[in-house]
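Written out below as structure tokens is the structure these notes cover.
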Amino acid sequence: MPSDLQTRLIGVWKLLSWVETPVDGSAERLPLGEHPSGIIIYHPDGYMSAQLMRVDRRPFASGDWSAGTAAEYQAEATSYFAYCGPFHADDDSQTVIHTAELSLFPNWTGQVLGRQASSRQRGQSRGGDAGTGCDADGWGRGLKSGR
């Protein structure tokens with residue numbers, strides 16, 4: 001039976017912000033710039049998918065995704081972030097666990113990724129890498145169809 005937190009997460013969330021605040025006290029980072037774009041989908045069957053990107057990504061000059069230059073592939077890989085797989089939530093710790101079944105970052109494939117969940121206000125959520133001290137994501141509920 002899904003936890004209360006898992007049930008509340010079901011649906012589509014839009015990325016509002018992504019700020020990393022490292023636990024070691026080093027400077028905050030904006031990995032995808034000032035105004036990133038993204039969605040995370042939590043499905044009732046226990047699977048999730050996250051897609052995040054910089055909004056200022058440039059198209060490949062060739063127009064062909066398989067014919068990019070080395071510089072275009074590097075820019076592509078550093079301006080887009082995606083993974084998906086099963087998830088579950090723990091009400092006591094307010095932690096969401098994602099298992100990266102597929103990932104753009106190959107080191108995450110097969111890894112278990114803990115996310116600390118907390119609520120800021122109705123319809124919004126903030127999460128971070130559990131145990132790292134990073135305030136990683138701000139998400140808003142309710143992406144409308146066609147947007």
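Would you please state the base-10 log of I(q)/I(0) at q = 0.10, 0.20 1/Å for the stretch 4-141, with intensities from the Debye formula using one equal scatterer on every alpha carbon? At q = 0.10, 0.20 Å⁻¹ the computed log10 ratios are -0.36, -1.29.
The charge dipole of the stretch 1-90, taken about the Cα centre with unit charges on the Cβ atoms of Lys, Arg (+1) and Asp, Glu (-1), comes to about 200 debye, rounded to the nearest 20. For the stretch 9-71, the gyration tensor built on C-alpha atoms gives an oblate shape. Its axis ratio a/c (a ≥ b ≥ c) is at least 1.5, and a/b is not larger than b/c. The H on the amide N of residue 113, modeled in the peptide plane, is under 5 Å from the matching H of 98, 99, 100, each at least 5 residues off or on a different chain.
Only the coordinates and a few stated rules stand behind these numbers; no lab work does. Bear in mind the structure is a predicted one, so any value in this text is a computation, not a measurement. Neighbour counts are summed over all protein chains in view; Cβ atoms, including those assigned to glycine, are modelled from backbone coordinates with ideal geometry.
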